[in-house]
Amino acid sequence: MSVDLRRASTLSIPLLLLLTVAAALVGMAATGALTPAELVPASPLVTWGLPVVRAVHHLGLLLAIGAGGTAVLLLPGPGRREVTTLDPLRRRTVRLGAAGALLWAVASLALIPLVGLEAAGAGTDLNVWEVAIGGELGRIQLGIAVFAALSALAYLLARSTVLACWGLAFAGIGAATLGLAGHAGSSLDHVNAVNAMSVHLVAVSVWAGGLLVLFLLSARMDESQMATAIQRFSPWALAAVTALAMSGLISAGIRMSSVAELFTTGYGRVVLAKALGLLALAVLGALQRGRLGERLRFRHLAATEGLVMAAVIGASIALGRSAPPVPQDIPAVGDLTVLSLVGYLPPEQEFSPGALFTVFQPDWIALALAVTMAGLYLTGVVRLTRRGDAWPWIRTACFLAGCLAFAWVMNGGAAAWGRFRFDAHMVQHMAMMMIVPPLWVLGAPVTLLTRAVAPRTDGSRGVREWVLAALHSGYSRLLSSPPLAGLIFVGSLVIFYFSPLFELAMRHHLGHVLMTVHFLASGYLFAWVLIGIDPSQKPINPVLKLITLLVTLAFHAFFGVAMVSATWLVAEGWYAQLGMYTADQLELVQIRGGTIMWAISEVPTVGYAIIVAVLWMKSEDRRARQFDRKAARDGGAELAAYNAYLATLRGEGGADGAERGPDVAESSADGVERDGAERDAEGPQDGVEPPATDSDVARRSP
């Protein structure tokens with residue numbers, strides 16, 4: 001029977017591929033996408049070849065992400081002791097991911113000349129490769145091929161789950177970048193369309209890829225392994241379904257003007273069929289949860305789910321090749337196509353400090369991310385409360401305030417004007433580096449994660465174990481040095497604003513996303529090193545923290561002064577192309593931006609200094625309590641022995657004092673040992689073993 005199951009698993013891949021291509025062609029026929037264009041007639045190779053290559057492309061993507069996620073997060077471990085070396089089942093899973101990533105890379109390269117041929121039209125003598133690479137979509141597709149190749153290389157070289165995790169990371173980045181290369185990249189609401197498509201592609205890769213790989217591996221797993229893998233996959237599938245529904249609604253809202261178009265247009269009918277297919281998949285997924293230990297029934301449900309999923313992916317390919325009811329042509333605003341440059345129009349309301357809090361420029365994915373982070377944090381707090389464990393309310397308040405600030409940064413007035421005015425951008429920049437990250441850090445999310453999520457006991461790694469492994473890695477040890485964190489914090493300002501990177505971030509959505517991620521990450525690293533509650537690998541001297549703080553933020557303020565006194569305009573080409581302000585107005589706006597950078601940096605400096613001082617005093621208080629407990633236990637023997645030792649140094653103890661010298665050391669060592677035993681008996685604070693403090697080091701020093 002096992003041989004039959006393996007044979008069925010092997011035959012399922014070409015069957016799913018054929019079904020996907022058939023669904024894509026049917027969908028394109030329903031939307032009229034197979035009808036030759038009149039102005040620029042497409043080559044038959046494009047019309048019929050693109051759906052086939054897209055189907056192969058998506059199959060490789062599903063295998064790359066599904067196999068990597070299964071090997072890294074889902075499969076049970078070999079025993080209670082944590083082992084990162086690949087066991088035979090994981091090794092086979094990773095090799096499956098390598099084959100999928102390689103297929104994905106080849107299909108991505110094959111799409112480049114097809115994109116160029118589509119742009120050039122049929123019967124042209126142009127070099128289709130040059131046409132494709134000369135356009136932004138072709139370059140993005142080439143970048144996706146590079147990420148897919150890196151993923152395949154990491155999977156092929158993997159001998160442990162660590163390198164397999166890197167392969168999964170490369171595949172995830174490539175999947176997210178796909179949103180820029182599809183029909184979303186040229187949509188009217190560019191920002192929300194691209195973000196929604198990226199989330200949509202990642203979600204379907206997690207859901208369909210995980211399901212496909214579990215189906216292929218089910219013939220090689222016993223009942224208990226299968227039950228464990230499905231149980232771990234279930235929350236990921238639920239999250240993917242939610243993300244698919246949300247991103248699908250956003251995409252449909254951009255491309256359709258009314259619900260009636262779901263029934264009156266070919267595009268709408270394909271969207272409706274896709275939505276019904278996703279609903280059927282969600283129902284089948286819910287049924288699987290009751291079949292955790294029944295491998296044969298799971299395979300039947302998974303096979304049915306795979307067929308529906310293939311049809312849904314085919315419908316997605318058809319939608320990507322079809323024109324939506326709402327035209328996505330970008331109109332000109334005045335003499336310049338401002339909308340084509342930015343992706344949205346500037347607010348009609350005049351820019352002012354008050355308008356920063358009253359204008360709403362929706363970035364639905366960022367807003368959903370803020371809500372998701374807050375929801376997950378509250379779920380962890382509720383879990384601890386129900387278990388009877390205490391969690392400081394101030395930490396919850398800080399983290400939720402950080403999520404609220406993040407939602408405002410990405411959706412408020414600073415985001416609405418951020419790409420049109422340098423001063424508005426600087427408000428957004430300061431908030432992303434000096435307001436949001438400290439609030440998140442004070443919420444101690446890693447500590448909450450380690451306390452709210454149960455550790456795995458089978459030797460495998462889940463999210464909790466991977467986060468702790470990252471914190472204890474060599475990269476974390478290097479980055480947690482205060483001088484280096486400060487250098488990253490301020491050094492990136494010079495590199496970013498005094499180079500073409502800032503203008504690239506304004507012109508390209510991907511650059512803007514990378515800018516946002518970098519500002520948040522560097523701000524979080526800086527805040528964690530200085531005021532972090534979550535554990536670090538080594539204790540940091542509070543004096544070094546204060547010195548790093550003062551030097552870093554002083555340079556930050558000096559950089560703001562340099563921006564004020566600069567004799568050139570930052571990203572002058574970008575702002576000139578927008579044509580919204582004269583050169584004198586742009587100079588005044590830049591002076592305001594530099595002033596904002598200089599002024600806002602003063603407030604966090606005071607806040608950071610106060611928090612560092614408070615944490616320092618708490619550390620000293622904890623050290624004093626440790627000495628008091630030890631003194632109460634041994635009657636102050638260590639202090640008496642130390643005084644006797646000092647007496648011998650003054651010659652008052654004579655030979656007798658000299659004889660007591662070893663006793664002093666023995667008493668001190670015994671006291672330290674008992675005090676350490678007492679602290680061990682008290683257990684770790686907040687569910688995480690606290691790092692040794694400077695007081696601990698000093699107390700243990702001979």
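The values are calculated or read from the model by the stated rules, or taken from the named source; none is laboratory data. None of the values given here were measured: they were computed from a predicted structure. No Cβ is skipped: glycine too gets one built from the backbone with ideal geometry, and neighbour counts run over all protein chains shown. Remember, those area values only see protein heavy atoms, side chains included, never the ligands or the DNA or RNA. Shrake-Rupley method; radii C 1.70, N 1.55, O 1.52, S 1.80 Å.
A few remarks follow.
- Rolling a 1.4 Å probe across all protein chains gives Phe147 an accessible area of roughly 60 Å².
- Here the accessible area is traced with a 1.4 Å probe on the protein chains. For region 336-418, carbon and sulfur cover 69 percent of it.
- Taking a ≥ b ≥ c as the square roots of the eigenvalues of the Cα gyration tensor, region 411-530 is prolate, since a/c reaches 1.5 or more and a/b is larger than b/c.
- When nucleic acids and ligands are ignored and a 1.4 Å probe is applied, Tyr524 ends up with an accessible area of around 60 Å².
- Residue by residue, region 523-535 carries 3J(HN,Hα) couplings of x, 5, 4, 4, 5, 5, 5, 8, 10, x, 8, 4, x Hz when phi is fed to the Karplus relation 6.51 cos²θ - 1.76 cosθ + 1.60 (θ = phi - 60°); x denotes Gly or Pro.
- Solvent-accessible ranking of Lys618, Lys545, largest area first, probe 1.4 Å: Lys618, Lys545
- Summary of the geometry: region 465-519 and region 404-454, compared by the centres of their Cα atoms, lie 15 Å apart.
- In this structure, Val551 and Thr304 have a Cβ-Cβ separation that, at R0 = 51 Å, corresponds to a calculated FRET efficiency of about 0.25.
- Close amide H contacts of Ser160 (hydrogens built in the peptide plane, cut-off under 5 Å, sequence separation of 5 or more or a different chain): Leu86.
- Straight-line reach from Lys618: taking Cα to Cα under 16 Å and skipping same-chain neighbours fewer than 8 places apart, the lysines in range are Lys545.
- Estimated vicinal HN-Hα couplings, Hz - region 345-356 in sequence order (Karplus 6.51, -1.76, 1.60; Gly, Pro = x): 8, x, x, 6, 5, 5, 5, 7, x, x, 5, 4
- In a fully extended conformation the segment linking Ala647 and Ala632 would gain 3.1 nm over its present Cα-Cα distance, using 0.36 nm per residue.
- The residues of region 339-469 expose on average 40 square angstrom of accessible surface per residue, using a 1.4 Å probe on protein heavy atoms.
- Largest accessible area first, the residues Glu465, Glu136 order themselves as Glu136, Glu465 under a 1.4 Å probe with ligands, DNA and RNA left out.
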